[in-house]
1. If the requirement is being within 21 Å of LEU126 (Cβ to Cβ), surrounded by 15 or more Cβ atoms within 10 Å (Cβ to Cβ) and either out of contact with any Gly (no Cβ under 8 Å at 6 or more places or on another chain) or not hydrophobic (A, V, I, L, M, F, W, C) (or both), which of these qualifies: ILE62, ILE40?
2. Can you find a residue in the range 71-83 that is small (Gly, Ala, Ser), at pLDDT 95 or above, touching a strand residue (DSSP E or B) at 6+ places or on another chain (Cβ under 8 Å) and surrounded by fewer than 12 Cβ atoms within 10 Å (Cβ to Cβ)?
3. For the range 45-81, name all the residues that are within 18 Å of GLN108 (Cβ to Cβ) and more than 10 Å from the chain's Cα centre (by Cα).
4. Could you list all residues from the range 52-72 that are aliphatic (A, V, I, L, M) and part of a strand (DSSP E or B)?
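The values are calculated or read from the model by the stated rules, or taken from the named source; none is laboratory data. Given the structure is predicted, the values throughout are model-derived calculations rather than measurements. Quick reminder, even Gly has a Cβ in these numbers, built from the backbone with ideal geometry, and neighbours come from all protein chains shown.
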Amino acid sequence: MKKSIICPIMLLALVHGQALAHNVSLNIHNTLSACVAIYIRDTSIHANMLLANTVFQLRKPIGECGCRSALVSYDSVTIVNTAPQVLQNGLIGISKSGNKTLALASEQALVTDRQIQLQFRCAPAL
């Protein structure tokens, strides 16, 4: 009985688990580089979304880089027919160093063989 339960669970993990995202070229534009270093460890596809496992290494509080809070805004942008196209944007809190997963695109097909520019800046004031 245990064998029949384990096999379907393992099959689900294989079918719905993370897959490596190939042919994804990323360029980081970080206006907060004096305060936080940002590195992409790897990318993956999950539920057809392109995700980036991202490392944030805090050098000093981002308030010293002009931000009014510990919130950082990001855009994932690609070029389509010479025009910039925002694929995804988000808001993340950076009060300490650590890893975060960022959504780069809601559909894998939007970024096939295209370069993505990841832009980071202070979040707008509320």
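1. On the way: ILE40 fails: within 21 Å of LEU126 (Cβ to Cβ).
Criteria check complete, one pass: ILE62.
2. The answer is no; no qualifying residue exists.
3. ILE45, HIS46, ALA47, ASN48, MET49, VAL77, THR78, ILE79, VAL80
4. Here is the first cut: in the range 52-72, the residues aliphatic (A, V, I, L, M) are 52, 55, 58, 62, 70-72.
Across the range 52-72, the qualifying residues are ALA52, VAL55, LEU58, LEU71, VAL72.
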